Amino acid sequence: MRCNRDCKKLVCLINIMKSYFQQIGAVLIFLGLTLTLSAGPSPAGDLLHHAYATLERADHDYKGHRHEAMKQIEAAAKLLGVNLHGDGKGHEKQGLSDEQLRAALGMLEQARGEVKGKALHHVDNAIKQIHIALKIK
């Protein structure tokens, strides 16, 4: 009996550690992107490209708002003459996916100061869609 309880405790501890390391990984991804972007002035096109690629890797469980944000980024990028190519689709847990959306949000907020006119309108709409997506659990 004691072994059974100890094994359950060990499995529980391992699950807690896995969750902890996943959260640390998400924070490190976010910090890495933030440090890369703040290392020097980035043109709006680069920020849009990175935001798009980050959203593309995120989980798909946001009732269409992640996809709508990506469409808005595509429209803004097209107006700026930027060709977007993401890195592919991911299958992360919701917490990591939320961190990716927040990272993309930060990039878009940075890009917002560098774009004007219709492109700014699309960036603002993408920001709005990400805010909505982050409310969905």
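The values are calculated or read from the model by the stated rules, or taken from the named source; none is laboratory data. Since we're looking at a predicted model, the values are computed, not measured. Cβ atoms come from the backbone with ideal geometry, glycine included; neighbour counts cover every protein chain shown.
Things to note:
- Condition check for residue 109: surrounded by fewer than 19 Cβ atoms within 10 Å (Cβ to Cβ) and at pLDDT 85 or above: yes
- Which listed residue, of 88, 81, is modelled with pLDDT of 80 or more, surrounded by fewer than 19 Cβ atoms within 10 Å (Cβ to Cβ) and not aromatic (Phe, Trp, Tyr): 81
- In region 21-76, residue surrounded by the most Cβ atoms within 10 Å (Cβ to Cβ) [restricted to those that are modelled with pLDDT of 60 or more and not in a helix (DSSP H, G or I)]: 58
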